[in-house]
Amino acid sequence: MTLGIIGQAAGLFAVTNIDDILILALFFAQGSGHPGSTRRIVLGQYLGFTAILAVAVAAAFGATFLPASAVPYLGLLPLALGLKAAWQAWRHQDEQGGEETATKPGGPGAMEVAAVTFANGGDNIGVYVPVFATAGTRGMAVYAAVFLALVALWCFAGRFFATRPVIAKALGRWGHILLPLVLISIGLLILIEGGAFGL
């Protein structure tokens with residue numbers, strides 16, 4: 001039975017988080033050449049996903065932290081971060097990426113990654129809650145363990161794609177445009193699909 005739950009958990013994670021690989025690749029590309037950025041991105045991904053799990057588990061036990069009407073407004077987080085990234089890209093468009101860029105700390109921060117992960121995974125909570133509620137405590141623990149193990153695999157995949165020569169070159173050239181575009185799109189999608197502000 002546990003093997004069946006592990007398989008179900010892996011499938012559920014993959015289906016609900018496939019878009020995170022692109023976002024992680026963009027974050028890893030943005031952090032390229034910045035000391036400690038990999039650690040911050042992985043930490044942020046774990047913080048954001050742990051928050052998603054905590055809310056889903058609590059909701060499965062009957063607690064609700066956010067009313068359903070508030071969930072669409074989570075789209076404001078990636079929207080704001082996307083606008084910030086666009087502003088920074090525009091502000092720094094004339095700077096050259098020489099040695100100074102390679103040695104100064106930079107890239108995405110852990111809390112930035114966590115906020116995007118949580119906001120992007122807000123809809124996942126709605127999928128996880130009924131699954132967790134029917135899985136029982138033991139099943140929920142298996143789901144959580146599999147999900148957390150797969151977060152590491154997702155981080156590895158995102159970094160892998162960001163470091164492939166062809167992809168790295170494209171992300172290096174276009175990542176400063178793609179990251180804000182993806183974040184703003186995610187934010188708008190969450191707001192519009194959730195009907196925030198009467199959209």
- request: Scan (1) 55, 42, 24; (2) 44, 38, 36; (3) 48, 46, 34 for the value of Cα extents along the principal axes in Å calculated from this model and give just the label.
  value: (1)
task: Sketch the reach of a paramagnetic label on T134 as a point 7 Å from Cα along Cα-to-Cβ, and name the residues of region 6-28 whose backbone nitrogen lies under 16 Å away.
output: 6-13
field: Integer Hz, Karplus 6.51/-1.76/1.60 couplings in order for region 132-145, x for Gly and Pro
entry: 5, 4, 8, 7, x, 5, 5, x, 4, 5, 5, 4, 4, 5
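Based on the mean of other Cβ atoms within 10 Å per residue, sort peptides 85-92, 36-43 so the most packed one is first. Display every interim value, and only then the final one.
Working: 85-92: 14.6, 36-43: 18.6.
The most tightly packed comes first, giving 36-43, 85-92.
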- request: Compute the long axis of helix 110-120 from its Cα atoms, compare it with the longest principal axis of the Cα atoms of the chain, and write down the angle in degrees, 0 to 90, nearest 10.
  value: 50
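For Cα pairs less than 8 Å apart in space and 6+ apart in sequence, what is the mean separation divided by the residue count of region 2-198, i.e. the relative contact order in percent?
Numbers: 252 pairs, mean separation 88.9, N = 197.
Relative contact order of region 2-198: 45 percent.
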- request: Could you tell me which of rounded, prolate or oblate describes region 98-199, using a ≥ b ≥ c as the square roots of the eigenvalues of the alpha-carbon gyration tensor, with rounded for a/c under 1.5 and, failing that, prolate when a/b is larger than b/c and oblate otherwise?
  value: oblate
- line: Of A25, A119, A59, the most mobile residue in a GNM of the chain (C-alpha springs, cutoff 10 Å) is A59
field: Sum of -39500 (n - 2.57) over DSSP H runs of 4+, divided by residues of the chain (222 nm, nearest 500)
entry: -28000 deg cm²/dmol
statement: Scalar couplings 3J(HN,Hα) for region 179-193 by Karplus 6.51 cos²θ - 1.76 cosθ + 1.60 (θ = phi - 60°), nearest whole Hz, x for Gly and Pro, are 4, x, 4, 5, 5, 5, 4, 4, x, 5, 4, 4, 5, 6, 5
- line: Karplus-derived 3J(HN,Hα) from phi for region 13-24 (6.51 cos²θ - 1.76 cosθ + 1.60, θ = phi - 60°), whole Hz, x at Gly and Pro, runs 4, 4, 5, 8, 10, 4, 5, 5, 5, 5, 4, 5
task: Please get the size of the charge dipole for region 2-198, origin at its Cα centre, with Cβ charges of +1 on Lys and Arg and -1 on Asp and Glu, quoted in debye to the nearest 20.
output: 320
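Every number in this text was worked out from the coordinates using simple rules, so none of it is lab data. As the structure is a prediction and not an experimental result, all values here were calculated from the model. A quick note on method: Cβ atoms are made from the backbone with ideal geometry, for glycine too, and the neighbour counts reach across all protein chains shown.
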